[in-house]
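The values are calculated or read from the model by the stated rules, or taken from the named source; none is laboratory data. Because the structure is a prediction, the values reported are computed rather than measured. Cβ coordinates were reconstructed from backbone atoms using ideal geometry, including for glycine residues, and neighbour counts include every protein chain displayed. Please note that ligands, DNA and RNA were not included when accessible areas were found on the heavy atoms of the full protein model with its side chains. Shrake-Rupley method; radii C 1.70, N 1.55, O 1.52, S 1.80 Å.
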Amino acid sequence: MKHIPFNKPFMAGNELRYIQQVCADGQFSGNGKFTKRCQAWLEESIGCGKALLTHSCTAALEMAAILIDIKPGDEIIMPSYTFVSTANAFVLRGGIPVLVDIREDTLNLDEKKVERVITGRTKAIVPMHYAGTACEMGAIMDIARRHNLAVIEDAAHGIMAKYKESYLGSIGDLAALSFHETKNIISGEGGALLINDKRLYERAEIIWEKGTNRSLFLKGQVDKYSWVDIGSSYLPNEITAAFLWAQLEKAGKITQRRLWLWSMYQKSFLGLEMSGVLRRQVIRKECAHNAHMYYLLLPGAKERDKLISFLKKNNITAPFHYVPLHLAAAGRRYCRIPDKLPVTEEVSQRLLRLPLWAGMKDRTIKHVIDTVIKGLSV
Ligand SMILES: *Cc1c(COP(=O)(O)O)cnc(C)c1O
């Protein structure tokens, strides 16, 4: 079989048609027709207060750090097992990420380890919904309310996934989505900031529009616009928003197809889990996930790396992640690490991700499954 990549960006169908409309309309800069359409869709489908498209999830997290007024020395509690942007967005403002271990089942921030690391400088908790499976948001929101902390969901993996009755991104004070081409719904690079705390609506738009009150001006609420706060250029252009609109239209179908592929993997590896060769993904009953990722946990680094090379020899790309933030050079420099993080360190040695994209053919996934099973029996 020819090479099976880890991800193939999936085209939903109408991308070029909508980009053509942008060209015909002649508005290419941000906050136009398609941007507004995408934002309305996100607000309605996710049930968040307000959505602002951004040029990346990283940008949305940076906006969140500005919005909650992170000052040098402020502490932000987050998992060490995450992508660098979760931490970097706060470090840019002088904040100090406080890195906490993850749960053994979902690999999400361990809510039981959060309260003990809260200090007088703690400003926020940033739960990251790993693989589109929700963090224990009930307990996390409760801790945050009792200690008067903001909650910012890193929902880069989480579009269309739920915790109990709520879509991810609608629970915290703020949330960030990613439309990077490796995520479920894509626009190449792209993201959104979701704002659930009404008191932050107006300032969010100001930060988004380079620190000006242009949004109020466009709504006719002020008669000229000017510089009123710090901010940057966080808007995506309309071409990106048009592409994204074509994807959002098909978000339900894309998620369904991914879930179907995901369960093919999950069913096929039950036997290997029963015989103790690997551990499969755990989906807790509170969570409706979105099949963002299919991963396996092998017994150790040796077994994991052996399987990676076997798959590579058979033309299948299966990567792993993350280098825990507390072990990275910048993590050591910028973060506080109050406790040991044994689960994080172990998982980063044992985890393997398998190819998964919405356009993946049945015979392709069957071939990956057969090859994994073969690789584990040699
Ligand atoms: C992908 C990702 C990001 C960053 O998303 P971009 O849109 O590429 O900026 C942030 N956090 C997590 C957990 C991610 O997986």
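Structure data summary
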read-out: Nearest 10 degrees, 0 to 90: helix 137-147 Cα axis against the chain principal axis; value: 50
read-out: Within straight-line cross-link reach of K340, aspartates and glutamates at Cα separation under 12 Å, skipping those fewer than 8 residues along the same chain; value: D101
read-out: Average projection area in nm² (convex hull over Cα atoms of segment 327-378, one quarter of hull surface); value: 6.3
read-out: Gyration tensor (alpha-carbon) shape descriptor, segment 3-44, a/c threshold 1.5; value: oblate
read-out: Tail weight of P(r) past 24 Å, computed on alpha-carbon pairs of segment 242-378, percent; value: 41
read-out: Accessible area in square angstrom per residue, the chain, 1.4 angstrom probe; value: 43
read-out: Nitroxide proxy distance, nm - points 7 Å out along Cα→Cβ at E202 and A24; value: 3.9
read-out: Fraction of antiparallel bridges per DSSP, segment 116-184 only, in percent to nearest 5; value: 25
read-out: Antiparallel bridge percentage (DSSP; both residues within segment 1-151; nearest 5); value: 10
read-out: S275/E165 FRET efficiency (R0 22 Å; Cβ-Cβ; nearest 0.05); value: 0.05
read-out: Label-zone membership for segment 97-114, site R336, 7 angstrom Cα→C-beta point, backbone N under 20 Å; value: 97-102, 109-114
read-out: Beta bridge orientation in the chain: antiparallel %, DSSP, nearest 5; value: 60
read-out: Sequence of V277, V22 from largest to smallest accessible area, 1.4 Å probe; value: V277, V22
read-out: Set K33/K183; K112/K253; K112/K162; K162/K366 screened for pairs whose C-alpha atoms are more than 30 Å apart; value: K112/K253
read-out: Net charge contributed by nearby residues that have their C-beta within less than 12 Å of S187 (K/R +1, D/E -1); value: -3
read-out: Segment 209-264-segment 284-326 distance, computed between alpha-carbon centres (Å); value: 31
read-out: Nearest-ten-degree value, helix 362-377 long axis tilted from longest Cα axis of the chain; value: 50
read-out: Loop-located trypsin sites (Lys or Arg not before Pro) in segment 127-166 whose Cβ has at most 13 other Cβ within 10 Å (DSSP); value: K164
read-out: Charge context of L272, other residues only, Cβ under 15 angstrom, K/R +1, D/E -1; value: +4
read-out: Three-way shape call for segment 224-300 based on the alpha-carbon gyration tensor, with the a/c threshold at 1.5; value: prolate
read-out: Rounded to 10°, Cα long-axis angle of helix 251-268 versus longest principal axis of the chain; value: 20
read-out: Chymotrypsin sites (Phe, Trp or Tyr not before Pro) within segment 217-250, DSSP loop, no more than 16 other Cβ atoms inside 10 Å; value: Y225
read-out: Tensor-based shape of segment 104-244 (alpha-carbon gyration tensor, a/c under 1.5 rounded, otherwise prolate or oblate); value: oblate
read-out: Gaussian network model of the chain, Cα within-10 Å springs - most flexible of D105, D197, D223; value: D223
read-out: Share of carbon and sulfur in the accessible heavy-atom surface of the chain [1.4 Å probe, %]; value: 54
read-out: Alpha carbon convex hull of the chain, projected area averaged over orientations, nm²; value: 19.2
read-out: Of the trypsin sites (Lys or Arg not before Pro) in segment 298-375, those whose Cβ has at most 15 other Cβ within 10 Å and which sit in DSSP loop; value: K340, K361
